[in-house]
Amino acid sequence: EPHLAPLWVRVNGRAGVVRDVERVTVPGYLFGAFALPGPVIRRHQPLTGDQAVDGATARNFEATASFYAQRRFVAAPGPDGGLDLILPGEQDATLTLPLPAGKWRARCVPAGSADATVAARPEGAAGPAQVTLRAPRDGARVREVVLQRTPR
């Protein structure tokens, strides 16, 4: 029987985003991920007494609990054992990541599993870019998204 469990990975590196000059490869499961905004639990530590810090910790906990309660996107093993993002039908999943300057196009692997787009940035400037996946009506399994810099 399947079990739902959190998976903690570094965003960059072998299990995360892999970059070279003209290409960025993003594992599909990162599109269903939650970026923890700050500490949730200060293990073995009492409250600090600083209302701003303690309030931020409580809000981070609430955001984390909300993410787990929604279970909107999950990763599941693919036929070869690698993790695929399970994208429900006609749903969008987004990820914001820094990209070097230039125009970028996105494609999903396996091909045709979902539509992928990179939001345009002013004159191809460097900085954060929003990448969006859109599943067809019957849903999709996305192993990875490949972003390729296009000629100007």
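Key figures for this structure:
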| item | result |
| --- | --- |
| Leu133 vs. criteria within 21 Å of Ala76 (Cα to Cα) and within 17 Å of the chain's Cα centre (by Cα) | yes |
| Of all residues in region 3-61 being open to solvent by 30 Å² or more (accessible area, probe 1.4 Å) and of a type in the set (Phe, Trp, Tyr), the one that is modelled with the highest pLDDT | Tyr29 |
| Out of Ala125, Ala129, sole residue that is aliphatic (A, V, I, L, M), modelled with pLDDT under 90 and within 21 Å of Ala35 (Cα to Cα) | Ala129 |
| Odd one out for Pro77 among (1) touching a strand residue (DSSP E or B) at 6+ places or on another chain (Cβ under 7 Å); (2) exposed (fewer than 15 other Cβ atoms within 10 Å of the Cβ); (3) farther than 17 Å from Ala5 by Cα; (4) not hydrophobic (A, V, I, L, M, F, W, C) | (3) |
| In region 80-119, residue least open to solvent (accessible area, probe 1.4 Å) [restricted to those that are assigned to a strand (DSSP E or B), of a type in the set (Asp, Glu) and farther than 13 Å from Gly28 by Cβ] | Asp92 |
| Every residue from region 26-41 that is of a type in the set (A, V, I, L, M, F, W, C) and in contact with a helix residue (DSSP H, G or I) (Cβ under 6 Å, 6 or more places away or on another chain) | Phe34, Val40 |
| Residue check, Leu99 touching a helix residue (DSSP H, G or I) at 6+ places or on another chain (Cβ under 7 Å) and within 25 Å of Phe34 (Cβ to Cβ) | no |
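The values are calculated or read from the model by the stated rules, or taken from the named source; none is laboratory data. Just so it is clear, the structure is predicted and the values come from calculations on it, not from any experiment. In this analysis, Cβ positions are derived from the backbone assuming ideal geometry, glycine residues included, and neighbour counts consider all displayed protein chains. Surface accessibility is based on the protein's heavy atoms, side chains included, excluding ligands, DNA and RNA. Shrake-Rupley method; radii C 1.70, N 1.55, O 1.52, S 1.80 Å.
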